[in-house]
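Here is the structure we will look at, set down as structure tokens.
Readers should treat all values here as calculations from the given coordinates under stated rules, not as data from a laboratory. It should be emphasised that the depicted structure is a prediction, and the values quoted were computed from it without experimental measurement. Cβ atoms come from the backbone with ideal geometry, glycine included; neighbour counts cover every protein chain shown.
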Amino acid sequence: MPALFIFILRLVRSVRDGLKEPEFRGLFWSVLLILLTGTWFYHQVEGWSWLDSFYFSVITLTTVGYGDFSPQTAVGKIFTVVYIILGLGLLSSFILLLADFQRRQPSGLWQRVTGQGKRPLANQQSAQNETLHSGEEDSHAAN
């Protein structure tokens, strides 16, 4: 359970930080708009509850498709085809941009594991000692 909490916290933090970038912000609002449009449409046309409509919108765009809901009206079926074509592209682009943003903004753990960015204090001292010792070896080799 703590791992899920940490994942959600990092995801929310990444979205919050990503909203500072215009491209990310545009895709975020586009995905939110298409989810709300789908939710409203299925609620109005298919007569589903708000929760069921939102659930179907998310399940459809993520291509999970459990099959527990499906549009029954002709208008609903046509809308769903267009919804999938437009929404899947937007959602995929948003997820790719979010993943790229997370990659460019590594967490503290990522920095410690890869050595990129700030190092933990112990590693910084170790690196300084290596630099000092290599400098001494170079001066001995020169003599």
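Overview of values
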item	result
Label-to-label distance, nm, for residues given as Ile59 and Leu32 (7 Å Cα→Cβ offset)	2.5
Two-site label geometry, Asp52 and Ser92: point separation in nm, points 7 Å out along Cα→Cβ	3.0
Proportion of all alpha-carbon pairs of the range 2-105 beyond 16 Å (%)	61
Calculated FRET value between Val82 and Met1, using beta carbons and R₀ = 41 Å, to 0.05	0.55
In sequence order, calculated HN-Hα J values of the range 50-66 (Karplus, 6.51, -1.76, 1.60; Hz; x Gly/Pro)	4, 5, 5, 5, 5, 4, 5, 4, 5, 4, 5, 5, 8, 6, 6, x, 5
